[in-house]
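Each remark here refers to the structure printed beneath this line.
The values are calculated or read from the model by the stated rules, or taken from the named source; none is laboratory data. Predicted, not measured: the structure shown is a model, and the values here were computed from it. All Cβ positions, glycine included, derive from the backbone under ideal geometry; neighbour counts span all protein chains shown.
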Amino acid sequence: MSTIAFLDATLACPVGGVTRGGLLVRDGVIVARGTFDLPGDAVTVACDGATLAPGIVDLGVFKVDRAAFRAGGIVRVALMPDGNPVLDDPGVVQRAALIGKPDLWIHPIAAATQGLAGTDMAEMAICLSAGAKAVGTGRGWIADTGVMLRVLAYARDLDIAVIAHGEDGTLTAGAVATDGETATRHGLPSAPAIAEALAVARDLMLAEETGARLHIRQATTAAAFDLIRAAKRRGVRVTCGITPAHLHLSDIAMSDFRTYAHLSPPLRSEGDRQAARAAVADGTIDVLCSGHDPHGPEAKRLPFVDSAAGMAGAETLLPLGLLLVRDGVLPLDRLLAMLAANPARVLGLDTGTLEVGKPADLMLFDADTPWQVDGMAFASAGNTPFDGLPVQGRVLRLWKAGREI
């Protein structure tokens with residue numbers, strides 16, 4: 001048996017709060033926390049007061065970048081179905097679930113419809129048996145309400161979540177920005193922010209009708225937050241996520257046609273950004289995810305309309321989350337719930353805390369280490385709208401099931 005004792009750590013747990021002490025791990029499982037007798041065969045790790053926390057579970061990435069995930073403290077990722085090939089076949093799902101082990105566990109999100117076309121349902125049950133942990137609509141919206149109803153009903157019977165894109169595609173087709181002053185000044189094709197609320201409202205009503213579990217991968221507007229908040233009060237089984245970009249940036253970041261700020265969903269108004277921060281504070285938003293979708297210069301150094309939407313988010317997820325803690329938006333244990341425990345719960349995984357009996361998926365980080373975001377130094381393609389931003393917080397070491405990565 002292998003035994004590791006983490007000593008003199010600041011233990012940050014979504015369930016147990018923030019305390020000072022140690023953590024004992026045996027055969028990849030946490031067996032003691034706080035004060036304990038040190039076994040004679042234990043390998044010790046001196047934490048010197050650094051923060052020991054659950055490794056991040058990143059819900060909804062588009063590309064597997066092992067080095068980027070390692071640098072960002074990410075030990076598990078839920079892979080979106082928008083690959084080539086699409087994750088709508090059990091063989092493809094099984095390969096995706098196996099390629100990262102043992103250092104990185106990939107939990108595929110199977111396509112809800114064949115080819116993500118939004119018409120014919122995919123073989124959800126077979127993909128689930130092949131390793132999928134949820135089903136999703138990918139980057140797009142299922143426009144056919146009847147198909148979405150059947151997807152939710154089937155997912156309810158399988159007891160898995162449906163991860164939905166929250167934008168009405170009939171309104172957002174061809175749009176690269178949100179209606180407003182910035183889009184108008186730059187002459188960018190845009191869509192009204194209400195496109196999100198329309199899609200969210202329909203899917204919430206269908207989830208309530210079927211009793212299914214619904215996760216809105218990214219909710220970014222005040223109107224959508226109000227709908228989700230009200231649905232939760234009614235007992236609808238809904239959760240939602242957001243990326244740091246929609247918490248720290250508004251559509252002003254697209255000024256000068258800055259394609260690194262071309263995201264999906266697009267950046268919103270300052271009012272929506274403030275509403276997002278309020279939704280984090282009151283618990284309406286459950287998950288903070290990277291939305292990791294990096295692109296090289298050939299896809300970004302184009303006219304804004306022709307550039308690819310997406311950013312490299314894995315390596316900045318933790319420090320940008322810690323900005324919320326420093327701003328007083330939420331405490332550290334709540335941030336870690338959004339990064340680890342809550343996404344694990346959406347996926348049906350028994351991990352994401354420092355409780356005894358849980359897998360020793362751990363990251364050790366210094367919350368105060370200052371550094372400057374430099375996309376050119378990223379392990380993945382370095383397109384980030386946060387390029388040049390001073391931040392604090394660096395991952396020092398990472399363990400997956402007690403094995404250091």
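Condition first: in contact with a Lys or Arg (Cβ under 6 Å, 6 or more places away or on another chain), polar (S, T, N, Q) and crowded, with 24+ Cβ neighbours inside 10 Å. Can you find one or more residues in the range 170-186 that meet it? Full working, then the answer.
Narrowing the range 170-186 to residues in contact with a Lys or Arg (Cβ under 6 Å, 6 or more places away or on another chain): 178.
After this cut, where a residue has to be polar (S, T, N, Q) as well, the list is 178.
Next cut, crowded, with 24+ Cβ neighbours inside 10 Å only: 178.
Yes, some residue in the range 170-186 is in contact with a Lys or Arg (Cβ under 6 Å, 6 or more places away or on another chain), polar (S, T, N, Q) and crowded, with 24+ Cβ neighbours inside 10 Å.
Residues to consider are VAL346, VAL356; find the one that is at pLDDT 95 or above, surrounded by fewer than 22 Cβ atoms within 10 Å (Cβ to Cβ) and among the aliphatic types (A, V, I, L, M). Let's see the steps before the verdict.
Values: VAL346 fails: surrounded by fewer than 22 Cβ atoms within 10 Å (Cβ to Cβ).
VAL356 is the lone residue from the list that is at pLDDT 95 or above, surrounded by fewer than 22 Cβ atoms within 10 Å (Cβ to Cβ) and among the aliphatic types (A, V, I, L, M).
From ARG217, ARG237, ARG233, grab the single residue that is free of Cβ contacts under 8 Å to residues at least 24 places away in the same chain, assigned by TED's automatic domain parsing to the domain that holds ASP82 and under 24 Å from MET148 (Cβ atoms).
Details: ARG217 fails: free of Cβ contacts under 8 Å to residues at least 24 places away in the same chain; ARG237 fails: free of Cβ contacts under 8 Å to residues at least 24 places away in the same chain.
None of the others qualify; the one that does is ARG233.
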Grab the strands (runs of 3 or more DSSP E) fully contained in the range 1-111, keeping just those with 1 or more residues being buried (at least 16 other Cβ atoms within 10 Å of the Cβ) and in contact with a helix residue (DSSP H, G or I) (Cβ under 7 Å, 6 or more places away or on another chain). 3-13, 51-54, 56-61, 74-79, 105-111
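Just wondering, is there one or more residues in the range 114-134 that are within 16 Å of the chain's Cα centre (by Cα), of a type in the set (A, V, I, L, M, F, W, C) and under 21 Å from PRO343 (Cβ atoms)? Break it down into steps so the answer makes sense when it comes.
Within the range 114-134, the subset within 16 Å of the chain's Cα centre (by Cα) is 133-134.
Keeping just the survivors that are of a type in the set (A, V, I, L, M, F, W, C) gives 134.
If we keep only those that are under 21 Å from PRO343 (Cβ atoms) too, we end up with 134.
So far as the range 114-134 goes, yes, one or more of its residues are within 16 Å of the chain's Cα centre (by Cα), of a type in the set (A, V, I, L, M, F, W, C) and under 21 Å from PRO343 (Cβ atoms).
Determine whether LEU318 is surrounded by 18 or more Cβ atoms within 10 Å (Cβ to Cβ) and outside any helix (DSSP H, G or I).
Considered against the rule, which asks whether it is surrounded by 18 or more Cβ atoms within 10 Å (Cβ to Cβ) and outside any helix (DSSP H, G or I), LEU318 comes out as no.
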Flagged in the range 338-357 as out of contact with any Asp or Glu (no Cβ under 7 Å at 6 or more places or on another chain) and farther than 18 Å from VAL61 by Cα, in numbering order, are ASP350, THR353, LEU354, GLU355, VAL356, GLY357
Failed criterion for GLY118 (all others in (1) assigned to a loop (DSSP other than H, G, I, E, B); (2) without any contact (Cβ under 8 Å) to a residue 40 or more places away in the chain; (3) buried (at least 24 other Cβ atoms within 10 Å of the Cβ) hold): (3)
Just name the residue that is farthest from the chain's Cα centre (by Cα) out of those in the range 359-405 that are surrounded by 21 or more Cβ atoms within 10 Å (Cβ to Cβ), at pLDDT 95 or above and assigned to a loop (DSSP other than H, G, I, E, B). ALA360
